[in-house]
1. Of the residues that sit in region A:120-158 and are surrounded by fewer than 18 Cβ atoms within 10 Å (Cβ to Cβ) and among the charged types (D, E, K, R), which one is farthest from A:LEU107 (Cα to Cα)?
2. All but one of (1) within 30 Å of A:ALA210 (Cβ to Cβ); (2) of a type outside the set (Phe, Trp, Tyr); (3) touching a Ser or Thr at 6+ places or on another chain (Cβ under 6 Å) hold for A:SER57; state the number of the condition that does not hold.
3. Check region B:165-172 and report whether any residue there is crowded, with 21+ Cβ neighbours inside 10 Å, at positive phi and of a type outside the set (A, V, I, L, M, F, W, C).
4. Could you please let me know if B:VAL116 is in contact with a helix residue (DSSP H, G or I) (Cβ under 9 Å, 6 or more places away or on another chain), in a loop (DSSP other than H, G, I, E, B) and surrounded by 17 or more Cβ atoms within 10 Å (Cβ to Cβ)?
5. Mind listing just one residue for me: the one in region B:282-317 that is facing chain A (nearest Cβ under 8 Å) and in contact with a Lys or Arg (Cβ under 8 Å, 6 or more places away or on another chain) and, of those, nearest to B:LEU165 (Cα to Cα)?
6. Of everything in region A:273-296 that's away from chain B (no Cβ under 14 Å) and closer than 17 Å to B:ASP316 by Cα, which residue is surrounded by the fewest Cβ atoms within 10 Å (Cβ to Cβ)?
7. What number of residues within region B:217-258 satisfy the criterion of being closer than 28 Å to B:LYS272 by Cβ, within 14 Å of chain A (Cβ to nearest Cβ) and of a type in the set (Gly, Ala, Ser)?
8. Out of (1) of a type in the set (A, V, I, L, M, F, W, C); (2) within 14 Å of another protein chain (Cβ to nearest Cβ); (3) in contact with a strand residue (DSSP E or B) (Cβ under 7 Å, 6 or more places away or on another chain), what's the single condition that is false for B:PHE169?
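The values are calculated or read from the model by the stated rules, or taken from the named source; none is laboratory data. Note that the structure is predicted; figures quoted are calculated from it, not measured. Cβ coordinates were reconstructed from backbone atoms using ideal geometry, including for glycine residues, and neighbour counts include every protein chain displayed.
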Amino acid sequence: MASKVFYRKWRPQLLAEVVGQEHVTRTLLNALANERVSHAYLFCGPRGTGKTSTARSLAKAVNCLTNGKGEPCNSCDMCQAITEGRALDVIEVDAASNTGVDDIRSLREKVNYAPNQAHYKVYIIDEVHMLSTSASNALLKTLEEPPPHVIFILATTETHKILPTILSRCQRFDFHRLSQADIVTKLSRISENEGITIEPEALKLIARAATGSMRDAENLLQQMMTYYGNEITLQQAQTLLGYSGDRRATDLVKNIVNQDVASGVSTINEVNNDGLDLRQFNRDVVESLRVLLLLKTGSGESLELTIDDISELKELATMAPLTQILKAIKQFGQLDLGLDNYSTLPLELALVDGTLPETEEKGRPVRQPAPEPPAKKTPPKAAQPEEKKATEPEPKVEEPVAKKEPVTAEEPLPAEEPEPATATGIDTGPLEAGGAIEQLQTQWSKMINEAPEGMGKTPAAALLRSARPKEINDDTIVLSFKYPLHKENMEKLDNQKIAEKIVSSFLGRSCKVRCVYEHENNHLVKAALARGAQHDNVEES
Amino acid sequence: MLHVLIGEDDFSVRQALEEIKKTIGDPTALMSNTTVFDGRQVTLEQLRSACETVPFLSEKRLVIVEGLLERFESGNRTGRKKPSRKTGQPEEYKAIADGIKQLPEFTELVLIGGGVKAGNPLLRELAATGKVRTFPRLKQAQLSQWITQRVKANCGSISPQAVNLLIRFVGNDLWIMAGEVDKLTLFVGGRRIEEEDIRAVVSYAQEANIFAMIDAVLEFRVGAAQSLYQQLLRQGVTPAHLMVMLSRQVRIIFQIKEMRGRKKTRGEIQSKLGLTSDFVLRKAWDQADRYSPARLREVYHKLLETDISIKTGKLDGEIALNILIAELGQRGTVSA
C-alpha cells in the first residue's frame with residue numbers, strides 16, 4: 001500500500017505531464033530544444049496549478065544525462081537524484097522560512113561555486129514573495145547577472161508582492177487555474193492506476209469543488225478513497241463534498257421566479273423534513289441563482305455546465321426579471337444559517353423577501369441615486385407625506401412637531417411662520433446662538449418641507465424628520481436621534497451632505513451637521529413627561 | 001580607457017557593459033581583475049588604488065563604478081538633505097576628474113549612471129577624456145524597431161500588429177520586453193508571432209483583460225463583463241484583486257478628470273499619479289472622456305457597498321462581484 005499522498009505520488013515528472021499549462025510547457029520545451037534556457041524564471045499562479053512540479057521537471061530536464069535537450073528521461077542517475085530530492089545541485093529554498101537578508105547573502109556566496117555533478121546549479125526559490133525588501137534587493141544583483149552555470153526558478157502565488165525590479169529580471173510565466181475537464185482527465189487516470197472505480201459524475205463534482213487546483217482535487221479523491229473504499233458513487237461524493245445535489249434547489253429557484261411563496265415554503269420544509277443540511281441546500285440555491293444570473297446577463301457560455309443543466313435554467317432566465325434575480329441572490333447569499341441548523345425560518349424569510357417586495361419595489365422611482373440601505377430602513381409611512389408638493393405643507397406633520405417641545409414652546413418668532421417656499425433667501429439671518437435653537441426647533445418640519453429642489457424626497461430628509469435639533473455651536477448643528485440606527489444612517493456621507501445642504505439653505509449660511517444619539521429615557525425627557533408633556537409618534541411611525 | 005554609460009534605459013546600459021567586457025578579453029581571466037564600486041560611497045583613494053593596480057595574469061583591468069556621476073547631479077536636492085560626507089562637494093569632482101584623467105593604459109574604467117543630465121560637472125569634465133554613450137528611454141518608433149531586431153536575433157519574425165500590441169501591454173521597460181520577446185519566440189517555435197500569441201503568453205495581457213472588464217462594466221455591457229470575469233477567475237485572478245483594480249481604475253479616472261479640469265498637462269498628471277505604465281494612463285484618459293461624473297460616482301458607491309459586504313462576510317467574494325457587475329449594468333439599462 002502506498003503511503004505517499006496522491007499529489008506527491010502523482011506529481012508530474014515530465015513537462016508534458018503538467019496539465020493545463022500548455023503555454024508554459026511548450027515554451028520551456030522549445031527553450032530546451034534550442035538551448036536557450038533563461039537564467040531566471042518566475043512562475044506565478046494560484047495554488048495547485050503546477051508551479052513546483054514544473055520547476056522540478058525543468059531542473060531535471062536541464063541536467064538530464066541522457067537527453068538534456070528536452071524532456072527528462074527520469075531514469076538516469078541525475079534525474080532520479082533530483083526526483084528523490086538528494087541532488088546536491090538542485091537547491092530548493094523555502095523563502096517563507098528564509099526571509100532574511102542573511103539567508104540570501106549566504107545563498108549568494110554559494111552561487112559562485114561550480115556545480116558538483118550536474119551541468120547547472122538550479123535554485124528553486126518557493127514563495128518568493130515572502131522575502132523581505134532588503135533580501136529581495138540582495139537577490140536582485142545575483143539575479144541580474146548570475147554565473148553561467150546557475151538557473152534561478154522563483155515561484156509564487158502572489159506576484160503583486162514582488163519587487164518590480166525582480167519581476168523585470170525574470171522570464172515570467174503565469175500559471176492558470178485548471179479547467180474542470182483537465183482535472184477530470186487527470187483524476188480518471190489516477191483512479192484507473194489506483195484501482196478506484198468512480199462514477200464520472202462524481203469526478204466532475206470533485207473537479208468543481210477543487211476550483212481549479214489539482215492538489216485539492218487529488219486530496220479530495222484520496223479522502224474519498226480512504227473513506228468509502230475503492231468504489232465511489234455520485235451520492236457518496238455529494239455527501240462528502242457537501243453538495244445536496246437535490247433537485248429541490250432548482251425547484252426553489254423556480255418558485256422564486258414564479259413568485260410562488262406557498263410552494264416555496266413547502267419546498268423548504270420538505271427539504272428540512274428529509275433531514276438535509278439546510279446550509280448545503282442554501283449553497284446549492286445560491287449557486288443555481290448565480291448560474292441564472294449569468295445566463296440572464298448573457299454570459300452563460302463562460303460556465304462549465306452540461307447541456308441539460310442549462311436548458312431548464314435558461315428557460316427560467318427568460319422569465320425572470322433581472323432585478324428579481326438580483327434581489328433573491330442577495331437575500332439568499334447573505335443568509336447566515338448559523339448554529340441553528342434545523343430552523344427553516346431564515347430560508348423562508350429570504351424567500352418571502354426575495355419574492356414579495358418586488359411588487360412594492362416597482363412603484364419606486366428607479367432614478368433615485370441614493371444607496372439602498374437607508375431608503376429601506378426609512379419607515380415608509382414617514383416618507384409618504386413628503387411625496388406631496390413641498391409648497392403645501394401637511395398640517396398633520398406641522399402641528400405635532402410644533403408641540404414637540406412644549407417646555408420651550410413660547411413661539412419666539414411667529415412672524416416667520418407663513419413664509420412660502422422661497423426658503424433660500426429667507427430672512428433668518430439674525431439666527432444667532434441663543435434663541436436660534438428654539439426657533440429652529442419650531443420650524444424644523446417647515447424647513448424639511450421647504451427643502452431645495454429634489455432634496456425633500458431623499459432618505460436624508462426623512463431622517464431629518466426623525467431628528468431633533470439640539471443645539472447650535474457656531475456653524476455646527478447638533479442633531480439628536482432617538483434611535484442609533486437613524487443616527488448611523490444619517491452619518492453616512494451622502495445623507496449627511498444632503499442634510500447639511502437642507503439646513504444651510506434654510507438658515508441662509510453654510511452649516512455642518514453633527515449627530516448624537518440620545519436615548520428617550522434621558523432625564524430631560526423624563527422631566528418633560530413628568531410635567532405633562534406628551535409623546536408624539538409622528539417621527540417613529 | 002574611460003567609458004561613460006548613462007541613461008534611463010538600464011537594459012541597454014548593461015548590454016553596452018557586456019560588449020565592453022567582451023572586447024577586453026577572456027572572461028575567466030577578467031574575473032579576478034574586475035572591481036565594482038558603489039559610486040555613492042567610493043572614495044578617491046579607493047578608486048585610485050583599484051585603477052592603478054597592475055592586472056594579474058591579464059592584459060587589462062576592469063573597474064566599474066555605478067552611480068558616481070549622480071553624486072554631482074545639481075538637481076539632486078533630496079539626496080543633499082541627508083547630511084552625508086559622501087555626497088559630492090563641488091571641489092571633489094575636480095579631484096576625481098584629475099585622478100581619472102591619469103588613468104593607466106591597462107585599466108578600463110566604466111562609469112555607469114542613470115538619470116544624469118548634460119550639465120553634470122563631472123560629466124563635462126570627463127567628456128573629452130573618455131567615450132560617453134547615452135541611452136535614453138526608447139520612443140514608440142525606436143521601440144518597435146528594437147523589438148523587431150530582438151525577434152530577428154532570436155531567429156523569429158513578428159507581425160506589425162503584434163509589435164504594437166506588445167508595446168501597449170509591456171511599455172518601454174526593456175528588461176521586461178526582452179524577457180517577453182524571448183518567451184514569445186520560444187513559444188511560437190519558428191512561426192511568425194501574431195497577436196493571439198501575445199494574448200496567450202505575455203504576462204501583462206492579463207492586466208489588459210482586467211481593463212477590458214472594467215470597460216465593459218462601465219459601459220453597461222453586462223454579458224461581456226461577466227464572461228471576462230469568469231475568464232479572469234480561471235486565469236487565477238482573485239475577486240479581491242479585481243475589486244482593488246476596479247476601484248483603482250475608477251479613482252484614476254476621477255483624478256484625471258479633475259486634474260484636466262485644472263488645466264494640468266498630460267505629463268504632470270502622469271507623474272502626479274505615479275503611473276509608470278503608459279497603457280494604464282491612456283486607458284484612463286479615454287475613459288475620463290467617456291464617462292460622466294455621475295456614472296463614476298454611482299460605480300464608486302456600489303464598489304464600496306460590495307467591498308463592505310465581502311469584508312463583513314455577508315457575501316462570498318465571487319458571488320458579490322457577480323452581483324456588482326449585474327447591478328451596475330442593470331442600472332444602466334434603465335437610465336441609459
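1. Looking at residues that are surrounded by fewer than 18 Cβ atoms within 10 Å (Cβ to Cβ) and among the charged types (D, E, K, R), I get A:GLU158.
2. Unmet condition: (3).
3. no
4. In short, yes.
5. So the residue we want is B:GLU298.
6. The residue in question is A:GLN280.
7. Summing the residues that are closer than 28 Å to B:LYS272 by Cβ, within 14 Å of chain A (Cβ to nearest Cβ) and of a type in the set (Gly, Ala, Ser) in region B:217-258 gives 1.
8. Condition (3) is where B:PHE169 drops out.
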